[in-house]
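For reference, the structure is listed below as structure tokens.
The values are calculated or read from the model by the stated rules, or taken from the named source; none is laboratory data. Keep in mind that this is a model prediction, so the values were computed, not measured. Here the Cβ is made from the backbone with ideal geometry for all residues, glycine too, and neighbour counts use every protein chain on show.
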Amino acid sequence: MAEYRADLLIMGSGPAGYTAGIYAARAGIDALVVAGSQKGGQLTLSSEVENYPGFVRPLSGYQLMEQMQEQAKLQGVHTIDDEITEVDFFDYPFVCNSTGGNCYISKSIIIATGASVKWLGLASEQKYIGHGVSSCATCDGFFYRGKEVAVIGGGNSALEEALYLTNFVDKVYVVHRRHSFRAEHVLKQRLYQNRKITVLWDSEVEEVLGTDKPLEVTGLKIHHVKTDKVRYLDVSGVFVAIGHHPNTELFRRYLKLDSGGYIVTKSDGCSTDIRGIFAAGDVCNPYRQAVIAAACGAKAALEAIKFL
Ligand code: NDP
């Protein structure tokens, strides 16, 4: 157990966290990044990033985050592999405790803890997580080579997951509860042109089906919301891609959250109701874009520098 003191503590090591660190370090601020449970953040799970400016050829999310981490390190940002589990924003300087048993005392804080996957909430889904139910095609797609799988959802994440899975599987069913996607045009075009993908519109998953010994998924029970008909789909894998929720529970006692759980910020988009505490990235906006998170991180750092 150690005690760390910093001018600026940055919680989270995604694009928002590292960008904040880079800006703070360049301003001569003693900035400390506490990486969180997933070093590099959610982007490390993205197979390809095509829309981050400055990279002509697509690169993996992992590669992009490696670059950011290296850049932050070269600028003098110190990153610790630890996760904050307790905060006290009532006292000043602010005090945070971690899973590693460490205590962090800081004059200012940038919260960049990102977002986590949403699940459908079915008991059968929970039963098979890690045994055929997944939220990450990049991590688990490989295991379904030559098989048939389903992706649940109709946003950018679902379509990206479905397209990525076609690299391995024979067939992908996209199961969506409505009759139109909210994903962007280019992804829809790619999806419709891919012969391995079939879309099941107006369809909701009622149950994930499978065996106990071994614990594995064998199919889905699907309900058509317009005809009320039930159909069974034989699939070995189910990829849930129905969105994310911000990782803000830790701060509920101290900061105003909106109905979606996002931290409410002032008109600058990063200052909170507590002076010296700032938010950046997916904790305070729903865009889930690396470039937006990075920009928020830069802005939060500039505001923290002003505060300090
Ligand atoms: P979204 O919120 O955009 O989409 C979630 C999808 O899941 C919707 O189609 C929604 O249905 C469906 N859904 C939600 N809850 C349920 C449920 N309980 N049961 C069944 N279906 C459900 O989330 P995404 O993660 O796709 O995207 C979030 C943000 O991140 C967006 O702003 C997106 O643009 C961005 N993003 C961008 C990427 C990129 O630029 N390449 C990649 C990934 C994400 P319905 O449509 O009916 O509401």
Q. Which condition number does Cys96 fail, the rest of (1) under 22 Å from the mean Cα position of the chain (by Cα); (2) at pLDDT 95 or above; (3) surrounded by 21 or more Cβ atoms within 10 Å (Cβ to Cβ) being met?
A. (1)
Q.
Checking the conditions here, which among Leu191, Leu159, Leu220, Leu163 is touching a Lys or Arg at 6+ places or on another chain (Cβ under 6 Å), crowded, with 20+ Cβ neighbours inside 10 Å and modelled with pLDDT of 95 or more?
A. Leu163
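Okay, residues lined up against (1) within 16 Å of the ligand (Cβ to nearest atom); (2) farther than 17 Å from Phe251 by Cα; (3) modelled with pLDDT of 95 or more; (4) of a type outside the set (Lys, Arg):
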residue: Asp273; (1), (2), (3), (4): no, no, yes, yes
residue: Gly276; (1), (2), (3), (4): no, no, yes, yes
residue: Ala279; (1), (2), (3), (4): no, no, yes, yes
residue: Asn285; (1), (2), (3), (4): yes, no, no, yes
residue: Gln289; (1), (2), (3), (4): yes, yes, no, yes
residue: Ala295; (1), (2), (3), (4): yes, yes, yes, yes
residue: Lys299; (1), (2), (3), (4): no, yes, yes, no
residue: Leu302; (1), (2), (3), (4): no, yes, yes, yes
residue: Leu308; (1), (2), (3), (4): no, yes, yes, yes
**Q.** Unique residue being in a loop (DSSP other than H, G, I, E, B), at pLDDT 95 or above, under 24 Å from Arg288 (Cβ atoms) and out of contact with any Leu (no Cβ under 6 Å at 6 or more places or on another chain) when the list is Ser37, Ser13
**A.** Ser13
Q. Which members of the stretch 142-156 meet the condition of being in contact with an Asp or Glu (Cβ under 8 Å, 6 or more places away or on another chain) and surrounded by fewer than 24 Cβ atoms within 10 Å (Cβ to Cβ)?
A. Gly146, Lys147, Glu148, Asn156
Q.
Restricting to the stretch 199-220, give me the number of residues that are more than 14 Å from the ligand (Cβ to nearest atom) and in a strand (DSSP E or B).
A. 7
**Q.** Options Ser157, Ser203: the member that is within 20 Å of the chain's Cα centre (by Cα) and of a type in the set (Ser, Thr, Tyr)
**A.** Ser157
Q. In the stretch 111-147, what residues are within 12 Å of the ligand (Cβ to nearest atom), within 13 Å of Val238 (Cα to Cα) and small (Gly, Ala, Ser)?
A. Ser135, Ala137
Q. Inside the stretch 148-181, can you point out the residues that are more than 15 Å from the ligand (Cβ to nearest atom) and either at positive phi or part of a loop (DSSP other than H, G, I, E, B) (or both)?
A. Thr166, Asn167, Phe168, Val169, Asp170
Q) Cβ-Cβ below 6 Å, separation at least six or inter-chain, first residue in the stretch 184-199 and within 11 Å of Thr166 (Cα to Cα), second away from the ligand (no atom under 15 Å from the Cβ): which pairs? A) Leu191/Ile197; Asn194/Thr166; Lys196/Thr166; Lys196/Lys171; Lys196/Val172; Ile197/Val172
